[in-house]
There are 2 protein chains.
Amino acid sequence: MSFFKSHIFCCTNRRPDSAERGSCAARGSEELRDYMKKRVRELRIEETRVNAAGCLDRCELGPCIVIYPEGVWYSVKTKEDVDEVLRDHVMGGKVVERLTI
Amino acid sequence: MSFFKSHIFCCTNRRPDSAERGSCAARGSEELRDYMKKRVRELRIEETRVNAAGCLDRCELGPCIVIYPEGVWYSVKTKEDVDEVLRDHVMGGKVVERLTI
């Protein structure tokens, strides 16, 4: 019944900078989400959707993403991390162990 | 590696009322998302997270939700629909066929 082969959710929750746990948006998640969407288009990765999501409750490890249906969680901090997740996980089917949380 | 037993994403994307496909928020998804979060707390449903999400690209069928890792999609239009999904699917493990999309 699934609709996408890879459904990627990027936490874009933002808290005040003073918040103890911090937040993914305060760590740059919105820019990384935009970059991921752009790369999925450019690479023409089919049946894959990148969505913003509310707080995924793993704030201290952010910016966080989760890829379903496999339910693999990553902390992606740079554009290079995004590239690696797209290339190895989404296109290659291999978990990027160094970025899992 | 999954973190939640049921991870529920509710599209809360809003488009102008004039948009041809409409949008989930214009059809009341934000209130339904809030209600779902409240009921998950009240019913103490464990290992379950309800998140807002950006456009899930099934606008004309909204308000849309998807539950992972099983990847089951629903159109939930009323609080009664939310109750049924929580009771039968999330707690009972049974797909609510009448609401699937």
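The values are calculated or read from the model by the stated rules, or taken from the named source; none is laboratory data. Just so we're clear, the structure is a prediction, and the values are computed from it rather than from any experiment. A quick note on method: Cβ atoms are made from the backbone with ideal geometry, for glycine too, and the neighbour counts reach across all protein chains shown. For the accessible areas, the whole protein counts, side chains as well, though only heavy atoms, and no ligand, DNA or RNA atoms are used. Shrake-Rupley method; radii C 1.70, N 1.55, O 1.52, S 1.80 Å.
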If you restrict to DSSP beta bridges whose two residues both lie in chain B, what percentage is antiparallel, to the nearest 5? 60
Once the Cα gyration tensor of region A:21-62 is diagonalised, what are the square roots of 5 times its eigenvalues, in whole Å and ordered largest first, as equivalent ellipsoid semi-axes? 24, 11, 7
Per-residue SASA entry for residue B:7, accessible area with 1.4 Å probe, Å² rounded to 10: 0
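May I ask you to list the GluC sites (Glu not before Pro) in region B:1-63 that are in a DSSP loop and have at most 16 other Cβ atoms within 10 Å of their Cβ? If you can, show how the numbers build up before the last one.
Numbers: sites: B:20, B:30, B:31, B:42, B:46, B:47, B:60; in loops: B:20, B:46, B:47.
Those satisfying the criteria are B:20, B:46, B:47.
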Using a 1.4 Å probe and ignoring any ligands, DNA or RNA, find the accessible area of residue B:91 and quote it in Å² to the nearest 10. 110
Quick one: the Cα spread of region B:1-50 along its three principal axes, in angstroms, biggest first? 40, 27, 9
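Rounded, prolate or oblate for region B:56-101? Axes are the square roots of the Cα gyration tensor eigenvalues, ordered a ≥ b ≥ c, and the cut-off for rounded is a/c under 1.5. Could you put the intermediate results ahead of the total?
Numbers: a/c = 2.18, a/b = 1.33, b/c = 1.64.
Oblate, because a/c is 1.5 or more while a/b does not exceed b/c.
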Please state, as a whole number in µm²/s, the translational diffusion coefficient that the Stokes-Einstein equation yields for chain A at 4 °C and 1.567 mPa s, with Rh defined as the Kirkwood radius across alpha carbon pairs. 96
Lysines within cross-link reach of residue A:77: Cα-Cα under 27 Å, excluding same-chain residues under 8 positions apart? A:5, A:37, A:38, A:94, B:5
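Taking the protein assembly as shown on its own, what percent of its Cα-Cα pair distances exceed 22 Å? Can you show the working numbers first?
Details: 9699 of 20301 pairs.
That fraction is 48 percent.
Per the helix-only calculation at 222 nm, which mean residue ellipticity applies to chain B, given -39500 (n - 2.57) for every DSSP H run of n ≥ 4 and division by its residues, nearest 500 deg cm²/dmol? Could you put the intermediate results ahead of the total?
Values: 2 runs with 20 residues, N = 101.
Only helices count here, giving -6000 deg cm²/dmol.
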